[in-house]
Amino acid sequence: MSDIKTILLVEDDEDIVSCLKELLELQGYRVLVALDGEEGVNLYTENRERVSLVVTDLNLPKMDGDEVIRTINEMNPEQRFILVSGYIADDKLIKLYEGRLTFLQKPYRFQTIIELVREQTT
């Protein structure tokens, strides 16, 4: 089995996807990309054995980040998440997934998310 960690990135902003995917790959991660929540859940379902971390935006087409997290959590209650949003964190959601969900406020520095990914995948 490979030591390369796989990150599922669920984000509808293609500029962010492009930059973040490249940066994560430069750090040695394999990155799966979904441009909406529904696609994110489908990709997770197909790759759940390999996904170390799910990074999802809150506001997404077809299925929001909250629903993505809830759905994936039903499949794997051990899954770790980084929830990204331009809105204030939902404390109830963070408490529900305590220890497995980290909130990151937009706008963020790419270095910040790289550090969070590293922390969540070690």
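Can you list the strands (runs of 3 or more DSSP E) lying wholly within the range 4-122 that have 2 or more residues being modelled with pLDDT of 95 or more? Those strands (runs of 3 or more DSSP E) span 6-10, 30-34, 51-57, 80-85. Inspection of the range 48-65 identifies no residue that is under 20 Å from PRO107 (Cβ atoms), surrounded by 15 or more Cβ atoms within 10 Å (Cβ to Cβ) and in contact with a Phe, Trp or Tyr (Cβ under 6 Å, 6 or more places away or on another chain).
The values are calculated or read from the model by the stated rules, or taken from the named source; none is laboratory data. All values reported here derive from a predicted model rather than from experimental measurement. Every residue, glycine among them, receives a Cβ derived from its backbone with ideal geometry; neighbour counts consider all protein chains shown.
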